[in-house]
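S.K.: Quick one: the structure is below, and I'll ask about it shortly.
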Amino acid sequence: MATNRTFTMIKPDAVENGHIGGILNMIAEAGFKIVSLKLTQLTTADAQAFYAVHAARPFYGELVEFMSRGPIVAAILEKENAIEEFRTLIGATNPADAAEGTIRKKYATSIGENAVHGSDSDENAAIEGAFHFAGREQF
Ligand code: CMP
């Protein structure tokens with residue numbers, strides 16, 4: 001059964017470009033409740049672990065370097081059917097394919113530097129959320 005939580009990161013490109021406020025506003029306008037939130041930075045080892053599933057991909061090194069190069073915003077979000085609803089809100093991985101009105105259409109610059117992360121399953125949302133937030137930081 002679907003849970004009502006997902007995990008997101010506002011990635012280094014969007015933080016560097018001053019889009020934290022714009023993206024959080026789109027998230028709030030879409031009806032998500034923020035239950036955890038922090039500005040943090042992934043170490044190289046954190047990014048390698050977080051994206052271990054992509055370790056065999058040709059872009060893995062580039063992805064790890066990108067995700068650890070500056071601060072990110074990590075957040076846990078709550079809404080009914082959160083995983084699917086949030087993936088709709090962020091749009092396709094490649095901003096060239098992202099629908100109008102999505103976060104990536106508005107803020108992403110390339111398939112690699114695509115502004116936001118959204119969990120792909122309830123199981124991964126729980127793992128990714130726990131990676132960043134202790135139980136007492138989840139409201
Ligand atoms: P996301 O879907 O959040 O998690 C995996 C990330 O890998 C993806 O966002 C992109 O940032 C990155 N990625 C996926 N495909 C490519 C690609 N072809 N080239 C570079 N980076 C990619």
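S.K.: Just the residues that are within 13 Å of the chain's Cα centre (by Cα) and within 19 Å of TYR51 (Cβ to Cβ), please, taken from the range 93-111.
M.R.: THR93, ARG104, ALA108
S.K.: Filter the range 105-119 down to residues that are under 24 Å from ASN25 (Cβ atoms) and open to solvent by 20 Å² or more (accessible area, probe 1.4 Å), then give me how many there are.
M.R.: Of the residues in the range 105-119, 7 are under 24 Å from ASN25 (Cβ atoms) and open to solvent by 20 Å² or more (accessible area, probe 1.4 Å).
S.K.: Okay, moving on. Kindly evaluate ALA30 against the criterion of being open to solvent by less than 40 Å² (accessible area, probe 1.4 Å), more than 17 Å from ALA130 (Cβ to Cβ) and touching a residue at least 24 places away in the same chain (Cβ under 8 Å).
M.R.: When the stated conditions are applied, ALA30 passes them.
S.K.: Quick one: count up the residues across the range 80-99 that are surrounded by fewer than 16 Cβ atoms within 10 Å (Cβ to Cβ) and within 9 Å of the ligand (Cβ to nearest atom).
M.R.: Result for the range 80-99: 2.
S.K.: Is it fair to say PHE59 is surrounded by fewer than 13 Cβ atoms within 10 Å (Cβ to Cβ) and either at pLDDT 95 or above or touching a Cys at 6+ places or on another chain (Cβ under 7 Å) (or both)?
M.R.: Considered against the rule, which asks whether it is surrounded by fewer than 13 Cβ atoms within 10 Å (Cβ to Cβ) and either at pLDDT 95 or above or touching a Cys at 6+ places or on another chain (Cβ under 7 Å) (or both), PHE59 comes out as yes.
S.K.: Suppose we keep only residues that are within 16 Å of the ligand (Cβ to nearest atom), under 15 Å from GLY118 (Cβ atoms) and among the β-branched types (Val, Ile, Thr) within the range 22-79. Which one would you say is farthest from the chain's Cα centre (by Cα)?
M.R.: Top of the filtered list is VAL53.
The values are calculated or read from the model by the stated rules, or taken from the named source; none is laboratory data. Values in this document were obtained by computation on a predicted structure and should not be read as measured data. Every residue, glycine among them, receives a Cβ derived from its backbone with ideal geometry; neighbour counts consider all protein chains shown. Note: areas computed on protein heavy atoms with side chains; ligands, DNA, RNA excluded. Shrake-Rupley method; radii C 1.70, N 1.55, O 1.52, S 1.80 Å.
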